Each structure stands twice: as structure tokens, then as C-alpha cells.
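To start, the structure under review is shown below, and the notes come after it.
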Amino acid sequence: MKVTDHIKNAKGETLFSFELIPPVKGRNIQELYNNIDPLIEFKPPFIDVTTSREEYIYIDRDGLLDKKLTRMRPGTVGICASIKHKYQVDTVPHILCGGFTKEETEYVLIDCHYLGIENVMALRGDARREQKYFEPTKGGHAYALNLVEQINDLNKGKYLHEMIENDDNADFCIGVAGYPEKHLEAPSLQSDLKRLKQKVDAGADYVVTQMFFDNQKYFQFVEAARNMGITVPIIPGIKPIAVKRHLQLLPQVFRIDLPQDLIDAVDGCADNKAVRQVGVEWAIQQSKELKAAGVPVLHYYSMGKSDNIHAIAKEVF
């Protein structure tokens, strides 16, 4: 079922969903299941699975370093199919511009269609570690807008090199990212909203926001988006702080502001166990306020461990 249909069927009730990352090569998928199992009691209608782009590694060959491209966390579509089969839950694979040609993207979408996956998240992706700014892959898309257009074309039977008209065309529900505090590369929030409107006009069906820690930023973002003419569901993305290093890391990587009360609470913690509890309590209050405001879904960036997400959801649902 499509994410938008889950939202419609909920009839105003706030749903719960979460996002995770594939295990690194060589690890067993059971590790992933162990983190999903405790969260199933909250009846998530869909689960997102991230996609990692390629990165360079250096292999020592008789004293000489050989530079090779690899993917450390492959298997997004396979993991989505496995989760869908095991838990009877819809899954949302992330589709990236970075690291993929248009042809590779088409093959991924065809695989999703074969497997009965109805939802995809269209993202530009980040620059590689050695790049200062994002650089499009040769033969790939430069912007998420272009990716949305390709997915929407495929929904109509328009493939890259041919038109296929039949009664079994793909009909992907397309999610895109939104930034309550603007994308780090955008010159202003207004210009960022214009880009978001372009993605929606091109066929995006819903928006999931980047993490934020001040709910007013989300409410203001939604209001500005509505004033811009964006009418699709806007789902808040929530990530609990778990370690002290997040105070420096999150603002640096995602260009977000942390409330001073949260900073003070984390600074006063003796260890990361205490920090994790502060993160849980802060996210509980965030979630309760958002739920009271009638958000369609609470989307948690669980990523690796799920114990803190379970503690939050237990208090909210």
C-alpha cells in the first residue's frame, strides 16, 4: 500500500514509522531483524531503508595502495523485500542520484516493481567524503527533482529508451526530503521551499523532513510550505540525541540549530548513558506535541539501535 493511502486510512490518527540502514557487508540480516522486532508492536505502516552511495577504499597490494570504489552497505532493495515478506509491512527504499546512472536507477525501480514495492524515497544524496560539494555521477542525475521526474515518467510507462504501455505499469508513491531549517546548500529557506514545490509539482506525493529539535521550526516550515502551495503530507523526522558528540556533529553535518535547553541538559550529563536518556525524554516531549498537533506520521531515524526509539514510542503511543 502507498504511504499516502496509509495516511488517508488512518483518518487523522498519527502513525508511527522508522528508518534504518542496511548492515555492512559480511554482517547477517538477523542483526537488523533484532532491531525491528521490538518496534513492530507499534504497528508501523512502513519502514524506510537507506541507500549508501559508493566510496573509495585503499587496498594494500605489496606496499602500493590501490584505490577502489565500493559500497559498504549494499542490498537496500533486497532488504526491503525481506522486511516486507517477514513483517507484512510496506517498505520504502531510498533511491539516490549520487553514485547511480539513470540506467542503474531504472533497473532498481524495475526490481522494486517486480517485488511489489510501491513506495520510494527520491534523494539527491551527499557528496563523497573526498568531495567538498556534491558532484553528479557521470550519466546520472544532478538533482532530486530530476530523479522524481524519471520515477514519474516510469509510472506512465515512459522508460529511458522506450515507451511501454500496459495495464501493469509501476505506480510508485514518491517521497522527497524537506528541510525545516533549509538545505545546507540553499541560499535561503524561501529558495529551498521553491525547490520543494518543484519536486511536488513533478510528481512527489509526500515529504519527510530532516531531523529537527525545535518543533516550532517544523510548524513554521509547514505553514510556509502551505503558503507556497505545497499540499502533500509533510511528515516530521525525529532523531533522539544519543551521545555527547552529537552536540557538535549534528549542527556541523546537517546545519541545524539545537535548543539551548537541550544543549545544557546534555552538557550536564556525566556519560553517554545519561545523554541517551536526555535524548529519549526530549524526543518524547517533541513527539507528544507533534501528535497533539495532528501530524500524519511520526518518523523516527532509528538507524542502528532501536532501544531508545522503543522507549520513546512506548510513552507516545
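Descriptive notes on the structure:
Residue-wise test of (1) touching a residue at least 60 places away in the same chain (Cβ under 8 Å); (2) buried (at least 21 other Cβ atoms within 10 Å of the Cβ); (3) not hydroxyl-bearing (Ser, Thr, Tyr).
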residue	(1), (2), (3)
Tyr133	no, no, no
Pro136	no, no, yes
Gln150	no, yes, yes
Val176	no, yes, yes
Ala186	no, no, yes
Leu193	no, yes, yes
Lys199	yes, yes, yes
Met211	yes, no, yes
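- Scanning the stretch 17-46 for residues that are small (Gly, Ala, Ser) and either over 17 Å from Val89 (Cβ atoms) or out of contact with any strand residue (DSSP E or B) (no Cβ under 7 Å at 6 or more places or on another chain) (or both) yields a single hit, Gly26.
- Looking at Leu193, Leu258, just one residue is farther than 15 Å from Val295 by Cβ, among the aliphatic types (A, V, I, L, M) and touching a Pro at 6+ places or on another chain (Cβ under 8 Å), and that residue is Leu258.
- Residue ID - surrounded by the fewest Cβ atoms within 10 Å (Cβ to Cβ), chosen from residues in the stretch 117-131 that are touching a helix residue (DSSP H, G or I) at 6+ places or on another chain (Cβ under 7 Å) and not hydrophobic (A, V, I, L, M, F, W, C): Arg124
- Residue in the stretch 152-160 that is farther than 14 Å from Ala204 by Cβ, among the small types (Gly, Ala, Ser) and over 18 Å from the mean Cα position of the chain (by Cα) present: yes
- Residue count, the stretch 111-138 (criterion: of a type outside the set (S, T, N, Q) and modelled with pLDDT of 95 or more): 13
- Test: residue in the stretch 233-256 that is under 27 Å from Asn152 (Cα atoms) and either more than 17 Å from the chain's Cα centre (by Cα) or surrounded by fewer than 20 Cβ atoms within 10 Å (Cβ to Cβ) (or both): yes
- When residues of the stretch 155-211 are limited to those that are among the hydroxyl-bearing types (Ser, Thr, Tyr) and touching a strand residue (DSSP E or B) at 6+ places or on another chain (Cβ under 7 Å), the one nearest to Leu298 (Cα to Cα): Thr209
Condition check ((1) at pLDDT below 95; (2) more than 21 Å from the chain's Cα centre (by Cα); (3) outside any helix (DSSP H, G or I)) across all residues:
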{"position": "Leu147", "(1), (2), (3)": "no, no, no"}
{"position": "Asp167", "(1), (2), (3)": "yes, yes, yes"}
{"position": "Val176", "(1), (2), (3)": "no, no, yes"}
{"position": "Glu181", "(1), (2), (3)": "no, no, yes"}
{"position": "Leu184", "(1), (2), (3)": "yes, no, yes"}
{"position": "Asp192", "(1), (2), (3)": "no, no, no"}
{"position": "Val200", "(1), (2), (3)": "no, no, no"}
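The values are calculated or read from the model by the stated rules, or taken from the named source; none is laboratory data. Note that this is a predicted model, so its numbers are computed, not measured. So basically every Cβ, Gly included, is an ideal-geometry build from the backbone, and we count neighbours across all protein chains shown.
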